[in-house]
Amino acid sequence: MPYNYRPKSIQEIKDLGLITKRENSAVALFETMQATYGGDFDEFITLETAQGTKFGQVKILNDFKLTVDLLAYKKLYPNLALGFGNGSNPNSTAPTTQQQELVTLKIFEELLSSETKNYKKFEQLLPELLEIYPNMIAEKSWYNSFELQFYQIEKETKLPNNNFNVYNRDGGFMDWITKHINDNYEITKKDSWNPADIWLIKSSKLSHYKKLLINAISIQECNAICRVAYKKMDIVGISLKKNNGKKLSYDLVNLSNTTKDLDVSYSTFNLNIPYNPKTKSFTSKTSQLEVKYDNKLYQMGVKSNTGPIGNITYEFVASGAAAFLGKVPKDMLKIELKEDKQRMPEHTHFMKFDKKDFEKKLKVIMAKKSLFTVKGDLKLFVSQLEQSWTKGRTKDNTTISQIVTFAYIIANMSEKRRKEFIRDLFFMSQKKGDLFGPFGKLS
């Protein structure tokens, strides 16, 4: 069965035992696609798992035919014989995201609703759950995860019985709040604002809160209303993550606006702008903003993840750690930067070289040089950027233009505002702060 394996994580690729060059390319491709499309998809590629010369070759799923530049990706990710295709066996026994969330929603309803059968054992509910996810028994880790939810949700969440009568994932309130956020606050992805996957609702109160939300004039006011609704147990949003099958945890996020009192200090901005005059190219597509919180150092990668020309990303990771804490949602970064009358840098802002614009930006950066640790030459940067444009609009000059513009935005802030901005960036990556909606995190 050719191309029959769709990995959902980097570790799943590494576990295949591919040759090093092929594994590195496959991991890099997966990281790029996850960073670019992960908000809407959890599967991106399918791999050949039959032993032989094709073992580990990759096809990008047909969903991405209109958005992926295959020729560019082939250059960036060699050794994979890249093409498009869904493979011969696209289905696995692991649950889809929809199945995961609907099973947990059903468990919540069984435990908390007055209209269910009040089962005492997980096995009693299992037939109904198997209608949602037929392969549950075969997937032991998921079976254990859902079983744990059944026995520990009431204890860990402390959510009230006989209170909610609407258990929602698709349609209904989910669609309404998504449209409301999109239409009124320029937030294109609901999860950028609130990652709740399911909603528990007291329907008699819903129209009251909808009226309040419709009249809210800012996202902060909208969030204040949602916090009241959560605390009164009228509308409860819950974000779902797979547990370890041993211990369930439930954390409240954004139920109080506490991040403004927390200290996140600026360390430095590693601004990497090395230039190769022979190729007329900037050789780095990554810089890092370093901050300190709770005596630990964290780095926010300011970098390009995409293959062809695209927008840079902002991702926090603990120093020395392999896993990202999270990406700063771009919708929320745009709202944050409005306070500074600035735009979040995007590649479409740099369709041609604007010498005066970059001379202005470099003047500000040079004046605040102590904020930066620079690899490259700031004094030569504008002339180097101008030279790079003689070969046209490229990935490297549009990427470096975005990175330097972001550095300029930070340099242009007052010390007080910069401290606020760094703090907000740090907590944005964790979807915490007054720009984000309240939710419970079940994991």
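Observations on the model:
- Filtered by the rule that a residue be crowded, with 19+ Cβ neighbours inside 10 Å and over 15 Å from Y185 (Cα atoms), region 204-224 gives a lone residue, Y209.
- Meets criteria (in contact (Cβ under 8 Å) with a residue 40 or more places away in the chain and touching an Asp or Glu at 6+ places or on another chain (Cβ under 8 Å)) for L112: yes
- Among the residues of region 367-375, none qualifies, meaning not one is hydrophobic (A, V, I, L, M, F, W, C), farther than 24 Å from L297 by Cα and crowded, with 17+ Cβ neighbours inside 10 Å.
- Here F316 does not fit the description of being aromatic (F, W, Y), out of contact with any helix residue (DSSP H, G or I) (no Cβ under 9 Å at 6 or more places or on another chain) and at pLDDT below 90.
- If you filter region 254-278 down to residues that are in contact with a Gly (Cβ under 7 Å, 6 or more places away or on another chain) and assigned to a strand (DSSP E or B), you find that the one that is surrounded by the most Cβ atoms within 10 Å (Cβ to Cβ) is Y275.
- Residues of region 391-432 that are surrounded by 22 or more Cβ atoms within 10 Å (Cβ to Cβ) and closer than 21 Å to K231 by Cβ: F427, K431.
- On the stretch given as region 279-295, residues that are in a strand (DSSP E or B) and within 22 Å of the chain's Cα centre (by Cα) total 8.
Rundown of residues vs (1) assigned to a strand (DSSP E or B); (2) modelled with pLDDT under 95; (3) not assigned by TED's automatic domain parsing to the domain that holds K416, yes/no style:
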position: L200; (1), (2), (3): yes, no, yes
position: S204; (1), (2), (3): no, no, yes
position: Y209; (1), (2), (3): no, no, yes
position: V228; (1), (2), (3): no, no, yes
position: N244; (1), (2), (3): no, yes, yes
position: Q299; (1), (2), (3): yes, yes, no
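- Every pair of residues 6+ apart whose Cβ atoms lie under 9 Å, when the first sits in region 215-228 and is closer than 14 Å to I201 by Cα while the second is assigned to a helix (DSSP H, G or I): C226/I177; C226/Y209; C226/L213; V228/Y209; V228/L212
- Condition broken by A26, with the remaining ones in (1) in a loop (DSSP other than H, G, I, E, B); (2) over 30 Å from F164 (Cα atoms); (3) of a type outside the set (D, E) satisfied: (1)
- Looking only at region 230-242, and only at residues there that are part of a loop (DSSP other than H, G, I, E, B) and out of contact with any His (no Cβ under 9 Å at 6 or more places or on another chain), the one that is farthest from F164 (Cα to Cα): K242
- The condition of being surrounded by 13 or more Cβ atoms within 10 Å (Cβ to Cβ) and free of Cβ contacts under 8 Å to residues at least 12 places away in the same chain holds for only one of K59, K74, that being K74.
The values are calculated or read from the model by the stated rules, or taken from the named source; none is laboratory data. Keep in mind the model is a prediction, meaning the values are calculated, not measured. When we count neighbours, we look across all protein chains shown, and the Cβ atoms used for this are built from the backbone with ideal geometry, even at glycine.
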